[in-house]
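Enquirer: Would you mind keeping the following structure in view while I ask a few things?
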Amino acid sequence: KGGTCVVTAVANMAKSDVTLNLSMLTLLQKNLQGTIFGGGNPHHDIPQLLSMYKAGRLNLDDMVTRQYKLEQINDGYKDMLEGR
């Protein structure tokens, strides 16, 4: 009982209809919520994240496992999709 479904992807813009059982949504106390960029505020969040990174409080370096040149972009996407 209860819970929230967060829609994080943009659907086909040509399709605007959705079918929901509103009674079940209400009786089971469910929420449906849309979001873009996780609800963050880029004007506030990006400077704060940069400050944290520069102060050594946010480790981004370990997230970079490989680097690709622009002409290798297809290799990069292939590796990403294959979990490399």
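Each value in this text was obtained by applying a stated rule to the coordinates, not by laboratory testing. None of these values were measured; they are calculated from a predicted model. With ideal geometry, Cβ positions are generated from the backbone for all residues, glycine too; neighbour counts draw on all protein chains shown.
Enquirer: Normalised by the number of residues in the chain, what is the relative contact order in percent for Cα pairs under 8 Å and 6+ residues apart?
Expert: The value is 28 percent.
Enquirer: Okay, moving on. According to the Cα gyration tensor, what semi-axes, each the square root of 5 times an eigenvalue, does the equivalent ellipsoid of segment 11-84 have, listed from largest to smallest in whole Å?
Expert: For segment 11-84, the ellipsoid semi-axes come out as 36, 23, 13 Å.
Enquirer: Let me ask something else. Per the Kirkwood definition applied to all pairs of different Cα atoms, how many angstroms is the hydrodynamic radius of segment 1-43?
Expert: The Cα-based Kirkwood calculation yields 12.4 Å.
Enquirer: Taking 0.36 nm per intervening residue step and subtracting the Cα-Cα distance, what contour gain separates residue 69 from residue 24 on full extension?
Expert: Stretched fully, the residue 69-residue 24 segment lengthens by 11.1 nm.
Enquirer: Using θ = phi - 60° and the Karplus form 6.51 cos²θ - 1.76 cosθ + 1.60, what ³J(HN,Hα) does each residue of segment 3-8 get, whole Hz, x for Gly and Pro?
Expert: Result, ordered by residue: x, 10, 9, 9, 7, 10 Hz.
Enquirer: With n ≥ 4 as the cut-off for DSSP H runs, can you work out [θ] at 222 nm for the chain, using -39500 (n - 2.57) per run divided by the number of residues, rounded to the nearest 500?
Expert: -9500 deg cm²/dmol
Enquirer: Give the residue from 55, 25, 7 lying farthest towards the positive end of the charge dipole for segment 3-81; charges sit on Cβ (+1 for Lys and Arg, -1 for Asp and Glu) and the dipole is referred to the Cα centre.
Expert: About the Cα centre, the residue reaching furthest to the positive side is 25.
Enquirer: Based on Cβ point charges of +1 for Lys and Arg and -1 for Asp and Glu, what charge dipole magnitude is obtained for the chain about its Cα centre, in debye rounded to the nearest 20?
Expert: Approximately 260 debye in magnitude.
Enquirer: While we're here: Lysine pairs in the chain 8 or more apart or on different chains: how many have alpha carbons under 27 angstrom apart?
Expert: Lysine pairs meeting both conditions in the chain amount to 4.
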